[in-house]
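Let me begin by presenting the structure, written as structure tokens, before commenting on it.
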Amino acid sequence: MNVCHWNVSRKDGSMFGTAKYEAMLANKLSSEVGVSVQRIQRPESGIQSTMPFSWIFRYGSSDEDLIHATFQTIAPAAYFHRANNLVVTVHDLTPLVYPSEIRDFSLRFQWTLTPRSLEMADNIIAISEFTKQEIVRLTDVPASKINVVHQGIDHELYRPRPMEQSKRELGLDADTTYLLVVSSELEHKRIEKATSILERVRESSKDVRLIKAGYGEEMTGEHIINIGWVDEEKMPALYSAADVYLHPSEYEGFGLPVLEAMACGTPVVARDVASIPEIVGGCFDLVSPDATADEFAEAIWQYLEVEYPVHEAVERSKEFSWAKTAVDTLNVYREVLHRQNEPDSK
């Protein structure tokens, strides 16, 4: 099977969520199921680094059996390059739900073309059942054309570590209680809620601080620690140093930080909304979709006052692995190629 991946990530770029998915999928397809993948990535700079020009000049096809566009906004490249057996991964459709988040003209143009271009794909991979429902709701792609393939996690890296050791490694105070949030400041992330939640928690426990990690703007507040972008190898220590992982987001295609926190045995407080219940299963009592700061704080206090059985979350996280992602993706490839070879498809 000759497979080509059209990746959204740039060569030597940061390993953000989608870049991690693209790298691990290609790696596991090769190491776990024996499928060699040619990856086409964008350069770090220059005209071909922009998505609209990449559609024309970067992404292409030759003699591949199948092309997999690993991010939804790559799909319009099919307008410019005939791709036999095209599979597209849709991570989420956030800009269609929160159009105010698109301030860049290029992104606006991409999302104008993306919904219709998804119809050109032979198959769509949705990274969660919730994302599949959103594709059906917001586009004209039929449910029969969509397969759910969850993202995974590297369990050799993301595993429980001693809290004291993790705090020491990160230069954190051993006696302070830490809440952790890993997020950008995009509207659907509702990161602004974290400040009022922290204030409510501190009404009962003054030694609590909030660590904000991830790209985007810094949060302001006397008891907030902004650490910005954290390299992948340090993330397990960060999760393990936290007493609770706080996830105030109201819209997620998957919620990879939630899964990473679970794999490290860190209690998660998040909304019962979007893909989150699909990921956590029955491990946590999620707060309501419209939960107030007081309701978030009450859920956090629950985990601060009672020792949480970490093995439940760790075991649940093991149901998601990059090896399983690769196997399930290969099954989609085979299904697409099988349909092509059926007599009535010619």
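Nothing in this text is a laboratory measurement; each read-out follows from the coordinates by a stated rule. For clarity, every value in this text was computed on a predicted model and none was experimentally measured. Neighbour counts run over all protein chains shown; Cβ positions are idealised from the backbone, glycine included.
What whole-number volume per residue, in cubic angstrom, does the convex hull of the C-alpha atoms of the range 163-317 give?
Cα convex hull per residue, to the nearest whole number: 103 Å³.
Of the listed pairs Lys167/Lys234; Lys189/Lys212; Lys212/Lys318; Lys20/Lys324, which have alpha-carbon separations greater than 18 Å here? In this structure, Lys212/Lys318 lie more than 18 Å apart at Cα. Rg of the Cα atoms in the chain, relative to 2.2 N^0.38 Å, amounts to 1.03. This model, with +1 at the C-beta of Lys and Arg and -1 at the C-beta of Asp and Glu, gives the range 141-255 a dipole about its Cα centre of some 280 debye.
Which parts of the range 255-295 would a label at Val306 reach, counting a residue when its backbone N lies under 13 Å from a point 7 Å out along Cα-to-Cβ? Correct set: 284-286. Taking Ala126, Ala241, Ala291 as the candidate residues, the one with maximal mean-square fluctuation in a Gaussian network model of the chain, Cα springs under 10 Å, is Ala291.
Dipole of the chain, Cα-centred, from +1 at each Lys and Arg C-beta and -1 at each Asp and Glu C-beta, to the nearest 20 debye?
Rounded to the nearest 20 debye, it is 1180 debye.
Taking a ≥ b ≥ c as the square roots of the eigenvalues of the alpha-carbon gyration tensor, the range 135-252 is classed oblate because a/c is 1.5 or more while a/b is no larger than b/c.
Let me know the charge dipole size of the range 163-317 about its Cα centre in debye, to the nearest 20, where only the beta-carbon of Lys, Arg (+1) and Asp, Glu (-1) is charged.
In total the dipole reaches around 160 debye.
Could you please rank Lys11, Lys167, Lys145, placing first whichever residue has the fewest other Cβ atoms within 10 Å of its Cβ?
So the ranking, lowest neighbour count to highest, is Lys11, Lys145, Lys167.
Farthest toward the positive end of the dipole of the range 1-118, out of Ser36, Ser49, Tyr21, is the Cα of Ser49, where the dipole comes from beta carbon charges about the Cα centre.
In this structure, Glu119 and Ser45 have a Cβ-Cβ separation that, at R0 = 35 Å, corresponds to a calculated FRET efficiency of about 0.60. Taken one residue at a time, the phi angles of the range 107-124 give Karplus couplings (6.51, -1.76, 1.60, θ = phi - 60°) of 5, 4, 5, 4, 7, 6, 8, 4, x, 5, 5, 4, 5, 7, 6, 6, 7, 10 Hz. Gly and Pro are set to x.
Which FRET efficiency value, to the nearest 0.05, is calculated for Asp328 and Phe109 with the Förster distance at 45 angstrom and r the Cβ-Cβ distance?
Details: r = 32 Å, r/R0 = 0.71.
The calculated FRET efficiency here is 0.90.
Simple rule: put +1 on each Lys or Arg Cβ and -1 on each Asp or Glu Cβ in the range 163-317, find the dipole, and look at Thr176, Ile300, Ser205; the Cα lying farthest toward the positive end is Thr176.
3J(HN,Hα) along the range 196-210: 5, 5, 4, 4, 5, 5, 6, 5, 10, 8, 6, 9, 9, 10, 10 Hz, from the Karplus curve 6.51 cos²θ - 1.76 cosθ + 1.60 with θ = phi - 60°, whole Hz, x for Gly and Pro. Were the residues from His223 through Glu199 laid out at 0.36 nm apart, the gain over their Cα-Cα distance would be 7.7 nm.
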